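Step one of this worksheet: look at the structure below.
Any read-out appearing in this document is the output of simple, stated calculations on the displayed coordinates, not a laboratory observation. Nothing here was measured: the structure is a model prediction, and the numbers come from that model. Note that we place each Cβ from the backbone using ideal geometry, even for glycine, and neighbour counts take in every protein chain shown.
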Amino acid sequence: MNTNSTTSSLGSNNSEYLRDKVIAFLSDAKAEDVVQINLLGKSSVADFMIIATGRSQRQVKSISQRIREMFKSNGVREISVEGEQNSDWILVDVGDLVIHLFRPEVREFYNLEKMWSAEMPSDDLSQIENDGS
């Protein structure tokens, strides 16, 4: 779990609270193919990742701007946004929650769901490598 102060004012379930708010918002904003990925135990970068598609650069940018406004109104102090200039792939990072907003062809190319949904290798792999030395 990310321990910075980004979402700390929201209480102990802040990442779940924000995740649920974002998912509801994305539905209202007509984002397509919304996927949430639990990163607990897979990464120390965040607790949850949300991936969604917008039909155009304009929609992707609008969704990003509105998500940022929603976070601010919910007390989130630190919001990092990357990619808004081109609006093909926008990353919104609030610490425990990371949101990727894509245009359809860009999302298909990078296929983040496949990479992050894969099972983590077990400790057996490292055991085999150590035994083979």
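Per-residue extension of 0.36 nm, minus the Cα-Cα distance of E32 and V45, leaves a gain of 2.2 nm for this segment.
Take the Cβ atoms of R66 and E108, set R0 to 35 Å, and the FRET efficiency comes out at 0.90. When each of the peptides 104-111, 52-59 is scored by the mean number of other C-beta atoms lying within 10 Å of its residues, the order from highest to lowest reads 52-59, 104-111. Panel order for L18, L101, L40, by other beta carbons found within 10 Å of each beta carbon, from fewest to most: L40, L18, L101.
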